[in-house]
1. Based on what the data block shows, is THR18 assigned to a strand (DSSP E or B), surrounded by fewer than 12 Cβ atoms within 10 Å (Cβ to Cβ) and of a type in the set (S, T, N, Q)?
2. Any residue at all in the range 43-50 that's among the hydrophobic types (A, V, I, L, M, F, W, C), surrounded by 14 or more Cβ atoms within 10 Å (Cβ to Cβ) and in contact (Cβ under 8 Å) with a residue 40 or more places away in the chain?
3. Which one of these does GLY54 not meet: (1) without any contact (Cβ under 8 Å) to a residue 12 or more places away in the chain; (2) closer than 15 Å to VAL15 by Cβ; (3) among the small types (Gly, Ala, Ser)?
4. With the condition kept exactly as written, say whether any residue in the range 5-12 is polar (S, T, N, Q) and farther than 30 Å from LEU71 by Cβ.
5. Which residue is farthest from GLN56 (Cα to Cα), if the candidates are limited to the range 1-39 and must be β-branched (Val, Ile, Thr) and without any contact (Cβ under 8 Å) to a residue 12 or more places away in the chain?
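Read-outs: derived from the displayed coordinates by stated rules, not from any lab. Quick caveat, the model's predicted, so the values are computed rather than measured. Cβ placement follows ideal geometry from the backbone for every residue including glycine, while neighbour counts extend to all protein chains displayed.
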Amino acid sequence: MPVVSTPVDSTLQLVFQTGVDEDDKPIFRTRSFRGVKTDAADEDVMSVAQQLIGLQIHPANAVKRVLVSELIET
């Protein structure tokens with residue numbers, strides 16, 4: 001049976017290394033920015049992410065985009 005995927009939400013997540021623990025392992029924190037337009041191009045989302053990273057004091061480790069879609073059987 002065919003399924004149609006409809007994007008309903010998009011979130012930008014920036015992962016930062018905020019320090020190291022007592023075993024010298026990195027400590028990571030994630031900042032989430034909800035309400036990203038589902039039809040926004042990945043290049044545009046990355047451009048915004050780079051601007052936001054420039055405003056932070058901690059180094060960025062990863063840029064993630066989380067897309068939530070509704071699946072409907074047709």
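1. For THR18, the condition - assigned to a strand (DSSP E or B), surrounded by fewer than 12 Cβ atoms within 10 Å (Cβ to Cβ) and of a type in the set (S, T, N, Q) - is not met.
2. No, the range 43-50 contains no residue that is among the hydrophobic types (A, V, I, L, M, F, W, C), surrounded by 14 or more Cβ atoms within 10 Å (Cβ to Cβ) and in contact (Cβ under 8 Å) with a residue 40 or more places away in the chain.
3. (2)
4. At the first step, the residues of the range 5-12 found to be polar (S, T, N, Q) are 5-6, 10-11.
Then keep just the ones that are farther than 30 Å from LEU71 by Cβ; that gives none.
No; the residues of the range 5-12 include none that is polar (S, T, N, Q) and farther than 30 Å from LEU71 by Cβ.
5. So the first thing to find is which residues in the range 1-39 are β-branched (Val, Ile, Thr), and the list is 3-4, 6, 8, 11, 15, 18, 20, 27, 30, 36, 38.
Next cut, without any contact (Cβ under 8 Å) to a residue 12 or more places away in the chain only: 20, 27.
Working: VAL20: 17, ILE27: 16 Å.
Among those residues, the one meeting the criterion is VAL20.
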